[in-house]
Each structure stands twice: as C-alpha cells, then as structure tokens.
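Just below is one structure, and these are the notes that go with it.
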Amino acid sequence: MTDLLTARSQEGVEKGKARRAALPRKALAVLGDRPGDFDPISVLELQGVDRVQSLLPLRYSRMAVSEFSFLRGAAAVMAYDLGITPATGIDAQLCGDAHISNFGIFFSTERRLIFDVNDFDETLPGPFEWDVKRMLASAAVAMSSMNFSDKDITKVLLSASATYRNSLVGFSQQGNLDVWYAALDVESKIDTLRALFQDEHRSPVDDIVARAKRTSVQQAFAKLTTIKNGHLQFKDDPPLIVSSESLAQESPFAGETNAVIAQAFEDYISSLLDDRAYLMSTYERVDMARKVVGVGSVGTRCFISLFMGRSYSDPFILQIKEASPSVLESHLGPSHYDHAGERVVAGQRLMQTTPDMFLGYTRVQYGDEEPHDFYFRQFHDGKASVDISKLTDALRASAYIDLCAWTLARAHARSGDRMAIATYLGDKDAFDKAMTSWALAYVERNRSDYGRFLESINNGRLPATTTIEKT
C-alpha cells in the first residue's frame, strides 16, 4: 500500500512541479554572462581587505599552485557566477563551498569514522543546486588539470549528478528520522569502499582511514608543542604558526591580550550545551597560537588553543577560526544570524550527521576595532581527506565523487524540502545533463580567471611569496 502524503509533503510535491514548470531543468545549464567590466581579481582583493595583510602573499601563492587550487580559494568568484544564473528557488542549507576536497573523514562522538562535508565557513540557506554546481565544477577542474579525457570527465560528472538525484529521490521516500540518522559510516562499509578504490598495491581508502586514525590530538600535541623556560607552549614557526608571545608583540593592544582571550573563552563556553561546558571546565587553558589553515582561509584569523586535563598525557586542542559573512550573502541576502560564528555552527549542525560536540562561537573586541566573530571546533580529531592526485583513473574518481554526491544529497534532504527537490529533479536525466554542461563550461571560465590571477601575481598587482609561471 502506498503511503498517503501529509499536507506538508503534498505542498512540497506541488512546489517542485511548479518550479520545474517555471524553470525547466535544462535551463540550469546556462552559465550567465558576466558584465564586461567584471574583474575576478577585484573580488579577491576585496576579500583581502579585512584579512591579516602579512599572510596574503601565502594565500595567493597557495591558490596559484593549480587551477583546482585557484578554484578552492575563489569561492567568492563562483558565488558571483551562481548569482547571475537561473535558480530553482528551492532552498536547502548550503555548504557554500562544496568542492570535492571539502569532504572527508572524521570521528563521530561515538568514535566511529564518518564520511561527510567538513567545511562550513560559507554555509547559508540557498538554491540547492548551487552546492551541486560547485561540487561538480570542482571535480571537472581537478580532472581536467590531471589530463582526464573530456569523455571520462563527462561520464564521471553524469554519474555523480545521477547519484545526487537518485539519492535525494530515495531520501524523499524515507521518514524524517531515517533521513536524520542516515550516515556514511566508513568502517562498516570498508569492504565496499575498498573494492571501489582497489588497485594492485595498497587500497587508497585504507590509507585514508589509517591517516584519520593517526591524526589525533596526541599526535598534534607532540608535533606542535615544546617546553620553553619551563612552560609548555606551541612552537613558533612563522608564518604558519605564530606563538602567543609573538602575537602579543604584534598586537597594538598587547596589554589587553590576556583579558580579551579570557573573555572570549568565557563567551565560548556559554555557547555550549551544559554537559559540554562542564567537560571544558575540567581542562586548564595553557597556550594559544595563530595557525594558518587551508587555501581560501589563509589570511583570516585562525588560532589553536592548548588545554591540559589530568596530566601532560591528556591534551586537548581547539581550533578557533574567524567567521566572516558568507560569500553567498552578497547574492542571497544577509544571514538571519547576526553572529557569523553562530551562522557557521548552526549550518554545520544542520548538515552534518554527527557534528563536533565542541562547536561553539564567540565575538572578540580589541580596543576601538570592529569586532571579530569566531567559531570553535576540535583540532585533529581523526580528520583526513582524499588526496585528489590519487584519483588517477575515471573509475576511482567516479567512486569518490559519487560518495560526495550521496553525502551532499543527504545533507540537503535533512535541511531542505526534500519532497520539493525530489519532485523537481524527477526520474529522468535532464538535471544530470544540465549540471554536467554547467560544470564543463565552468572549467573554461575558471581557466580564464586563473590566467588573469597568475598575470596579477607576475605584474605585482597581487603579492605572492614567489613569481608563478603558468604551466
């Protein structure tokens, strides 16, 4: 017997039908034309205004490594392109930066390895297909940079889009709790994953799992800390790691630093659930340092903070990342969260199956400066991501990107009107073809932007640690 739909579900079906009539799925293939005076480099320069200026050369150098690295750092540029293309108007919580390196493995609170989206700096509600477009475009750019044939790239993209569509349709037939609890538990599916990634040597998925298990707080503690003048502290390795002593000398408000940090942590604790707050109270805060992370995040104020439990064999490290308005807000309107850190935390909790139990946020005020928003999460808690360079053939690339597509569909099914999305997608491949066409077109646009980016480094418009030659 077929289940009767509730009124809310039926509304979703009707919405999906109406949006498909208003915007046929083939229209999603359109890559909008930019105005003649649009300058992608200006978008990056504007992002850099409020960042740590001494770190901008490192940011641009990391972006210059490849077309894929550039795309990773140029989320604001793609946000502009998404904003000038036709949109379904069917919203879900967007990752906002769903490129294929922003999926990975980490430990759940039950200490099981989970595969999920793992970066939410740009999260915001918006048209569900924007995440799909960024995911597929990033896959196309990565494979193109690795000299995959056009035929293989197209085949992989069509497969991933179909995986997203079929998974979303499948989730639309499930109960609310079933969707909410759905997860890709790595170890319970290790045989399946191993078969997908197997080669004549060691299976890459085993390498990823082993790396995740090695990536622990104890390993980070051993690598990043030292004893100086009888005190445990983070090593100074500028510009990648800048110790608290160096930060105090660097700040014009050095005398206020300790008080500001103490207040920031007090505010962070108040953002946690009571049990998490109590657990944090059992640790002693020892030191902090600024630590560069990622590609797109370079230049934002990112820190690590060291805590000790019952002994020196019981360390705990928090990562503290500056949160700015999402790059999507210029095109979708401001977040309803006044606090950018709260926006990130709320989005992660909504999209991830098992979000970090230490997620929290705070706002920091230095003197008369504008306040800075931050969010907190655990540092190195079994985290690992795939090495894109190891996706050396179409079969392996397709297997991995299909996992990303399933994961994104599950996140959207949790956070959006899955009946409306599923009805819009339908059971034919029109959506798959449109997404693939858009992603392939974006390869050329990204390549052109990347060329202009390298020229801007070489002519001195953008600072970089080295002069980059296009290859």
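Nothing in this text is a laboratory measurement; each read-out follows from the coordinates by a stated rule. Not measured: the values here are computed from a predicted model. Note that each Cβ is placed from the backbone with ideal geometry, even for glycine, and that neighbours are counted across all protein chains shown.
Return the tail of the calculated pair distribution for segment 326-471, meaning the percent of Cα-Cα pairs more than 23 Å apart. Cα-Cα pairs in segment 326-471 separated by more than 23 Å: 64 percent. Computed extension gain for residue 207 through residue 269, at 0.36 nm per residue and net of the alpha carbon distance, reaches 18.7 nm. Placing unit charges on the Cβ atoms only, positive for Lys and Arg and negative for Asp and Glu, gives the chain a dipole magnitude near 1020 debye about its Cα centre. Per Stokes-Einstein, at 20 °C and 1.002 mPa s, what whole-number D in µm² s⁻¹ belongs to the chain, with the Kirkwood radius over Cα pairs as the hydrodynamic radius? D, rounded to a whole number, is 92 µm²/s.
Apply the a/c threshold of 1.5 to the C-alpha gyration tensor of segment 33-169 and tell me whether it is rounded, prolate or oblate. Each step should come with its number before you reach the end.
Working: a/c = 1.40, a/b = 1.23, b/c = 1.13.
Rounded shape, in that the Cα axes give a/c under 1.5.
A crude spin-label estimate for the pair residue 276 and residue 330, with each label 7 Å from Cα along the Cβ direction, gives 3.1 nm.
Net charge dipole, segment 216-378: roughly 620 debye, given to the nearest 20, about the Cα centre with Cβ charges of +1 for Lys and Arg and -1 for Asp and Glu.
Estimated at 0.36 nm per residue, the fully extended path between residue 185 and residue 231 surpasses their Cα-Cα distance by 12.5 nm.
What is the local net charge at residue 144, summed over the other residues whose Cβ is closer than 11 Å to its Cβ (Lys, Arg +1; Asp, Glu -1)? Before the final figure, lay out each step's value.
On the way: positive: 447; negative: 67, 150, 152, 444.
Neighbour charge sum, excluding residue 144 itself: -3.
Relative to the longest principal axis of the Cα atoms of the chain, the long axis of helix 128-145 makes an angle of roughly 80 degrees.
Lys/Arg Cβ at +1, Asp/Glu Cβ at -1, dipole of segment 216-378 taken about the Cα centre: which of 361, 304, 339 is farthest positive-ward? The listed residue farthest towards the positive side: 304.
Extent of segment 216-378 along its three principal axes (Cα atoms, max minus min coordinate, largest first): 51, 36, 29 Å. Would you list which aspartates and glutamates come within 14 Å of residue 17, measuring only between C-alpha atoms, while excluding same-chain residues fewer than 8 positions from it? Output for residue 17: 417, 427.
Taking each of 15/321; 26/390; 155/428; 228/291 in turn, the alpha-carbon distance tops 27 angstrom for 15/321; 26/390. The residues neighbouring residue 134, those whose beta-carbon lies less than 11 Å from its own, together hold a net charge of -3 under the Lys/Arg +1, Asp/Glu -1 convention. Each principal axis of the Cα cloud of segment 261-354 was taken in turn, and the coordinate range along them, longest first, works out to 49, 30, 28 Å. Excluding same-chain neighbours fewer than eight residues apart, the aspartates and glutamates reachable from residue 433 by a Cα-Cα span under 14 Å are 129. Net charge within 14 Å of residue 100 by Cβ-Cβ distance, Lys/Arg positive one each and Asp/Glu negative one each, not counting residue 100 itself? Here the charged neighbours net out to -2.
In the chain, with Lys and Arg counted as +1 and Asp and Glu as -1 at Cβ, which of these residues, 163, 279, 348, has the Cα nearest the positive end of the dipole, that is, farthest along it? Highest projection toward the positive end goes to 163. Here segment 334-377 and segment 121-156 have alpha carbon centers that stand 27 Å from each other. Dipole check for segment 59-123: with +1 at the C-beta of Lys and Arg, -1 at the C-beta of Asp and Glu, and the Cα centre as origin, the magnitude is about 280 Debye. Between residue 444 and residue 54, the contour length at 0.36 nm per residue exceeds the alpha carbon distance by 137.2 nm.
When the chain is described by a simple charge dipole with +1 on each Lys and Arg Cβ and -1 on each Asp and Glu Cβ, the residue from 153, 113, 318 located farthest towards its positive end is 153.
How would 130, 406, 438, 180 line up from fewest to most surrounding beta-carbon atoms within 10 angstrom?
Ordered by Cβ neighbours within 10 Å, fewest first: 180, 406, 438, 130.
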